[in-house]
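Since the structure comes first, as structure tokens, the remarks are kept for the end.
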Amino acid sequence: MRTCQEVIGNKSLPHTLQSTDDCNNKIGRERKKYLESNDAQTLCTYLKNKQLEDPAFFYAIDIDKESGRIANFFWADGQSIMDYACFGDAVSFDTTFQTNKFEMPFAPILGTNHHKQTIIFGAALLFDETIPSFCWLFETFLIAMSGKHPSTIFTDHEDRSEFYFNKKWHDLLREYDLEENQWMSNLYDLRKKWAIVYRDSFTADMTSTQRSEGMNNVFKKRFRRKLGLSELLVECDKVCASLRANEVNADFHSRRKSIASYSPSLPMLKTVAESYTSRMYSEFEAEFKDQFVLTGQLLKAEGSILTYMVRHMQSDHGATIVFNTEDMCITCSCRKYESVGILCKHSLKVFSINDVFC
């Protein structure tokens, strides 16, 4: 038999499954302090109706075997699952308390779309912020998303920027008088092999949980009173609908209005204008313009491999670019393409030097 702990669709969780009625009875019997019986019935009725409306709707409820209490609850509708398939390389995850009358931590899992707008991949209510709860959540999330792992997860207000890493490193050396320590010096020389900030994972231009913090504020405004579980899901639906309306509107304007390129005759800009959304094009064009205040110096040439140092005309700071003229592959030490998905000004400068604008 299936359960209120069941997963909608053809996916399943590794738990003992019981009927929905059994689940309602167990919750009502064992957990009045946390979940009143009418809340359980209303919740299961709501989920059943969601399944009828949206066959791809996914939910999972983790029930504590000893107490019969709802420990954790996760859900995602079909649109969220499709969005994750397209944009799920980087996600932001954070929790906020007291958004429901049971004071369970509320944990939306967020991402960004092709307009750099926030989208929701799913949400959870957790019994607590412990390792078992988080393990259950992410294992369930992967089941919902057909096993696709994100490249990057932002959580706990972590700053991954290179500037922040270097600042904290040198603060550490000063605090403990380690500036002349050879072992620490060697470790710093090898930082690209162990520091997270130097990994070439895609981040969709997210650098912290700021996106989650912003959405938490949105949810808190929506949850002006302590909501029951089904009420909370209804309010989440409204937030999702609002975000999706913004995306549809941005899609419409992006397709309807031709992008005003500052130099439409350039083949590269023309191609990008035809392929990118307005938001992404504007960011690419900014990088394209910035290349004109850079200088490029060829450091070495080994066959088809050219290595350049590109600097701002009024600065000594720069980036190292490796360009293969044979297969047109280019990499930059700033790693903007790998992390954001658009060519950086340094790479564009090298393309300009080699007259590659077609």
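The values are calculated or read from the model by the stated rules, or taken from the named source; none is laboratory data. On a predicted model such as this, the values are computed, not experimentally measured, just so you know. Note: ideal-geometry Cβ built from the backbone for every residue, glycine included; neighbour counts use all protein chains shown. Side chains are part of the model used for accessible areas, which takes the heavy atoms of the whole protein and leaves out ligands, DNA and RNA. Shrake-Rupley method; radii C 1.70, N 1.55, O 1.52, S 1.80 Å.
May I ask you to list the trypsin sites (Lys or Arg not before Pro) in the range 214-270 that are in a DSSP loop and have at most 11 other Cβ atoms within 10 Å of their Cβ? Intermediate results must be reported in sequence, preceding the final value.
Working: sites: 220, 221, 222, 224, 225, 226, 238, 244, 255, 256, 257, 270; in loops: 224, 225, 226, 257.
Passing both the DSSP loop test and the Cβ count: 224, 225, 257.
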Query raised in the report: Looking at the range 293-358, which GluC sites (Glu not before Pro) are DSSP coil and have at most 10 other C-beta atoms within 10 Å of their C-beta?
Result: 326
Report task. Amide H neighbours of residue 344 under 5 Å, at least 5 residues apart or on other chains, H built in the peptide plane: list them. Result -> 337
Query - Accessible area of residue 187 in the full protein assembly, 1.4 Å probe (Å², nearest 10) - result: 50 Å²
Query raised in the report: Based on the alpha-carbon gyration tensor of the range 218-300 and its eigenvalue square roots a ≥ b ≥ c, which shape applies: rounded if a/c is under 1.5, prolate if not and a/b is larger than b/c, or oblate?
Result: prolate
Query - Potential extension, residue 189-residue 278 segment - 0.36 nm per residue separation minus Cα distance - result: 28.0 nm
**Report entry** the range 283-358 and the range 124-145: distance between their alpha carbon centers, rounded to Å
**Finding:** 42 Å
Query raised in the report: By per-residue mean of other Cβ atoms within 10 Å, what is the highest-first order of 117-130, 141-154, 70-83?
Result: 70-83, 117-130, 141-154
Report task. Multiply the residue separation of residue 171 and residue 249 by 0.36 nm, subtract the distance between their alpha-carbon atoms, and state the gained length in nm to one decimal. Result -> 23.4 nm
Report task. Round to the nearest 10 and report in Å² the accessible area of residue 67, as given by a 1.4 Å probe over the protein chains' heavy atoms. Result -> 30 Å²
